[in-house]
Every structure is written in C-alpha cells, then in structure tokens.
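Working notes for the structure below.
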Amino acid sequence: MADGRPIGVFDSGVGGIGTLAALMRELPQERFIFYGDTANAPYGTKTREDCMACIERVMAQLLAQDVKAVVIACNTATAVAAAELRARHTLPIIGIEPALKPAHELRHGGSILVLATPMTLRLEKFRALYERYGEGAIPLPCPGLMELVEREAHDEARAYLQQLLSPYDLNAVDAVVLGCTHYVFLRPILAELLPERVKVLDGNAGTARQLRRVLEERGLLAVGPGGVSLHTSGDARVVLPVMRRLLERA
Ligand code: DGL
C-alpha cells in the first residue's frame, strides 16, 4: 500500500537544503515539506534546553501537517533531540551525524578534521562516535560559520576556513568531515583550500539511503507525484530565495 503523506525535513536554517536535495534524488516520488527555523538560528551555540524547545516547536508544526516521517537535517538537532523524539513519537525519525565512520574507514594514518557546531561536538552522541571511530580525528568547533552560509558571505567564509585550517599540516590530513549541514555548501571553498587528495565527507547521501530503508521496511513509500514546499520561521522574502538558490545548486 502506498502512503502519499508528506515527509517533514527540518534544520535551524538553510543547511538542511543540501540534505533535502539528497532526499529528493533518492526518493523523487515523495512529497517533502522543508522547514528552516531561521528565526531561532543558530542552534549550535545555544544551551541544550533552548535548542530542545525550538525543536519541539518545529516538530509540532510538522506533525500538524500530517507528515509520515521526519528527517532532522541538522547534526546539532539530531544530537540534542533524536533519542528523545523517537521515544515520544511512533513515526520514523531519521537523523544525521558527522560522517566519522566512513572517514575512519578511508584513513591512511593521517588526521581527520571534524568541523561541526560547538554543541554537536560537546554532546554524548559525538563522544560515543569519537570513542569508536575517532583515531586521528581532531574536532574543530566552528561557531559563527553557519551564519556566513545563511548570509551567502563567501569571502568571509573563505577567510574563516583559512584561519581554521592554518594550524594544520594539510598534507598530513586524510579527510575533512562536514559535521554540520550548512558546511556542505562550503565544499567549493574547501576544494580550493585543501590538497586534492583530501576527501571531504558529509552525511547527506547516507541519510537519504537510511530514509529509503525505513520507509520500505514500514511500507510507507509513496508512488508519486513527488514535490517540495519550503518554509521558514524567518523573513520569507529574504530566506526563501536563498533556499531556492541552494536547492538548485545542490
Ligand atoms: N545545520 C546545523 C547542523 O547540521 C546547525 C547549524 C546551527 O544552527 O548552529 O549542525
């Protein structure tokens, strides 16, 4: 039996648009509702409690639209809330986490730089991941970086990354993990700054495959037609054009 209800996808802002693009590629027959909580961004420098309160409001909005599943297109929100939301709701809730495991698998004895928000790197979820796959990994909290992606401030983002990477011998780096969905849009800048052999990893495609698996298992796949609608808690006149541009690019 096909289930034509939409899938809710959310982030603190426009970063999750990259995840959304991966979901649409993997499951073109599904309808997606994307919600960027721009008015309350950033999540990654808030307290855990404040972040949880924002996430609960977003969840309530998505549930009111009768979504059949929710994708948390935000590493920070996943670390803060995924376990609690899954305990509270019966619908599938898919999260995203820094791609440390794939980075670990392709490591050749060099280091792995993990870029993420201060919150993601401080919570137990990342600690547990780090215990298992953290050999050679250097966590780099990036406060203020998501804001530059929101503002499409490319030159400032380049300067930020240049400074962030400057203490490291990049020839001794095997991989860079983009542990925040916003940073995926900085790939072109990173390609300029990093030696060609350094792999840059994110969790978007893995999250899309995971959503497909779960929908298949629960008999929740749709037959189409697919589609997407974009929403923000911020100023729609400013944010929606940015979201559309990024979706096109992704
Ligand atoms: N895009 C979010 C993430 O993946 C976080 C950005 C923020 O709100 O600080 O972690």
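The values are calculated or read from the model by the stated rules, or taken from the named source; none is laboratory data. Please read all numbers here as calculations on a predicted model, not as lab measurements. Positions of Cβ are backbone-derived with ideal geometry, glycine not excepted, and every protein chain shown enters the neighbour counts. Ligands, DNA and RNA are excluded from the accessible area calculation, which covers all protein heavy atoms including side chains. Shrake-Rupley method; radii C 1.70, N 1.55, O 1.52, S 1.80 Å.
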### Query
How many residues are away from the ligand (no atom under 12 Å from the Cβ) and open to solvent by less than 10 Å² (accessible area, probe 1.4 Å) if we restrict to the stretch 23-57?
5
### Query
Given (1) more than 17 Å from the chain's Cα centre (by Cα); (2) farther than 21 Å from Leu164 by Cβ, where does Arg107 come up short, assuming only one miss?
(2)
## Note on the structure
Note on the stretch 128-149: residues of a type in the set (A, V, I, L, M) and over 19 Å from the mean Cα position of the chain (by Cα) are Ala137, Ile138
### Message
Please determine whether any residue of the stretch 205-212 is of a type in the set (A, V, I, L, M, F, W, C), assigned to a loop (DSSP other than H, G, I, E, B) and closer than 19 Å to Arg249 by Cα.
### Response
no
### Summary
When every residue in the stretch 58-74 that is within 14 Å of the ligand (Cβ to nearest atom) and touching a strand residue (DSSP E or B) at 6+ places or on another chain (Cβ under 6 Å) is compared, the one farthest from Leu27 (Cα to Cα) is Val58
### Message
Take Ala157 and tell me if it is touching a helix residue (DSSP H, G or I) at 6+ places or on another chain (Cβ under 8 Å) and away from the ligand (no atom under 13 Å from the Cβ).
### Response
yes
### Query
For residues in the stretch 107-135 being out of contact with any helix residue (DSSP H, G or I) (no Cβ under 8 Å at 6 or more places or on another chain) and closer than 16 Å to Val198 by Cα, which is surrounded by the most Cβ atoms within 10 Å (Cβ to Cβ)?
Arg107
### Query
Any idea which residue in the stretch 152-180 is nearest to Tyr43 (Cα to Cα), counting only those that are assigned to a loop (DSSP other than H, G, I, E, B) and open to solvent by 40 Å² or more (accessible area, probe 1.4 Å)?
Glu152
### Task
Check every one of the helices (runs of 4 or more DSSP H) wholly within the stretch 63-138 and list those with 3 or more residues that are of a type outside the set (S, T, N, Q), out of contact with any Cys (no Cβ under 6 Å at 6 or more places or on another chain) and in contact (Cβ under 8 Å) with a residue 60 or more places away in the chain.
100-105
### Task
Output the qualifying pairs, or none if there are none: Cβ atoms under 6 angstrom, residues six or more apart or on different chains, first residue in the stretch 169-190 and within 14 Å of Val114 (Cβ to Cβ) and aromatic (Phe, Trp, Tyr), second residue open to solvent by 10 Å² or more (accessible area, probe 1.4 Å) and more than 12 Å from the ligand (Cβ to nearest atom).
none
### Message
Can you report the number of residues in the stretch 181-204 which are of a type in the set (D, E, K, R), assigned to a helix (DSSP H, G or I) and over 17 Å from the mean Cα position of the chain (by Cα)?
### Response
1
### Boolean, Val149 is in a strand (DSSP E or B), under 24 Å from Val9 (Cβ atoms) and in contact (Cβ under 8 Å) with a residue 12 or more places away in the chain
no
### Query
Looking at (1) away from the ligand (no atom under 11 Å from the Cβ); (2) among the hydrophobic types (A, V, I, L, M, F, W, C); (3) within 22 Å of Gly18 (Cβ to Cβ); (4) in contact with a Phe, Trp or Tyr (Cβ under 9 Å, 6 or more places away or on another chain), which is the one condition that is false for Leu85?
(4)
